[in-house]
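Asks: For reference, the structure I am asking about is given below.
The values are calculated or read from the model by the stated rules, or taken from the named source; none is laboratory data. Bear in mind that the values here come from a model prediction, so they are computed numbers and not experimental data. Glycine gets a Cβ as well: all are built from the backbone with ideal geometry, and neighbour counts include every protein chain shown.
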Amino acid sequence: MPRSGSLPLTIPKSGLWLGYMGLLPFFAGAVWVITPGLPLKAIALKALILYGAVILSFLGGVRWGLAIAKMNANLARPLIFSVIPSLLGWVAALLEPRAGLLILALAFTSLYVADLKLSLAPDWYKSLRLPLTAGAVMALLLGLISNE
């Protein structure tokens, strides 16, 4: 995704590969849950929710790291916002599956929008977040639809 008025954006290969590999558990869980006749659907659904909670917490950790790297005296607000994804993931894992999947999908979407405003995050990170967030949200919504 090119930046406005500059050279095309280069995402580091390690970030690209690891990011997309991180979608595999989302897709595996969603495919398992929506495929008729497969056993252990309840476990696959729980695995999808738990993986979503873990990754949401990871994204909160990115925000924490960027906040402390800034090293300014006004850290309270960014640090508070950085722990919210972990708390939302935890709540989502405790609730019944439909509510948990919906909370996770909304949290990933909201966090993506908020992360676009992260001043310390490199442009490539923000660019990579769009397809990764879309993939995660799609998998979570597939799990939600199949669980109706």
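Asks: Checking ARG98 against (1) at pLDDT below 95; (2) more than 19 Å from ILE55 (Cβ to Cβ), which single condition isn't satisfied?
Replies: With respect to (1) at pLDDT below 95; (2) more than 19 Å from ILE55 (Cβ to Cβ), ARG98 is out only on (1).
Conditions (1) touching a strand residue (DSSP E or B) at 6+ places or on another chain (Cβ under 6 Å); (2) at pLDDT below 95; (3) under 25 Å from ALA105 (Cβ atoms), marked per residue:
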{"site": "TRP17", "(1), (2), (3)": "no, no, yes"}
{"site": "LEU38", "(1), (2), (3)": "no, yes, yes"}
{"site": "ALA47", "(1), (2), (3)": "no, no, yes"}
{"site": "SER57", "(1), (2), (3)": "no, no, yes"}
{"site": "LYS70", "(1), (2), (3)": "no, yes, no"}
{"site": "ALA76", "(1), (2), (3)": "no, yes, no"}
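Asks: Okay, moving on. Consider ILE80 carefully, then state whether it is at pLDDT below 95 and in contact with a helix residue (DSSP H, G or I) (Cβ under 9 Å, 6 or more places away or on another chain).
Replies: Details: at pLDDT below 95: yes; in contact with a helix residue (DSSP H, G or I) (Cβ under 9 Å, 6 or more places away or on another chain): no.
Against the criterion (at pLDDT below 95 and in contact with a helix residue (DSSP H, G or I) (Cβ under 9 Å, 6 or more places away or on another chain)), ILE80 does not qualify.
Asks: Just to be sure, is ARG77 among the basic types (Lys, Arg) and within 20 Å of LEU118 (Cα to Cα)? Don't jump to the end; show me each part of the working.
Replies: On the way: among the basic types (Lys, Arg): yes; within 20 Å of LEU118 (Cα to Cα): yes.
Yes; evaluated as a whole, the condition is true for this residue.
Asks: Something else: For ILE11, are the conditions met, namely being touching a residue at least 60 places away in the same chain (Cβ under 8 Å), surrounded by 16 or more Cβ atoms within 10 Å (Cβ to Cβ) and over 17 Å from LEU140 (Cβ atoms)?
Replies: Values: touching a residue at least 60 places away in the same chain (Cβ under 8 Å): yes; surrounded by 16 or more Cβ atoms within 10 Å (Cβ to Cβ): yes; over 17 Å from LEU140 (Cβ atoms): yes.
Spelling it out, ILE11 is indeed touching a residue at least 60 places away in the same chain (Cβ under 8 Å), surrounded by 16 or more Cβ atoms within 10 Å (Cβ to Cβ) and over 17 Å from LEU140 (Cβ atoms).
Asks: Can you list the helices (runs of 4 or more DSSP H) found entirely within segment 35-148 that contain at least 2 residues being in contact (Cβ under 8 Å) with a residue 60 or more places away in the chain, crowded, with 17+ Cβ neighbours inside 10 Å and of a type outside the set (Ser, Thr, Tyr)?
Replies: Details: elements: 41-70, 76-94, 97-115, 123-146.
Hits in segment 35-148: 41-70, 123-146.
Asks: In addition: Checking the conditions here, which among ALA93, ALA114 is within 23 Å of PHE27 (Cα to Cα) and of a type in the set (A, V, I, L, M)? Steps first, please.
Replies: Details: ALA114 fails: within 23 Å of PHE27 (Cα to Cα).
Exactly one of ALA93, ALA114 is within 23 Å of PHE27 (Cα to Cα) and of a type in the set (A, V, I, L, M), namely ALA93.
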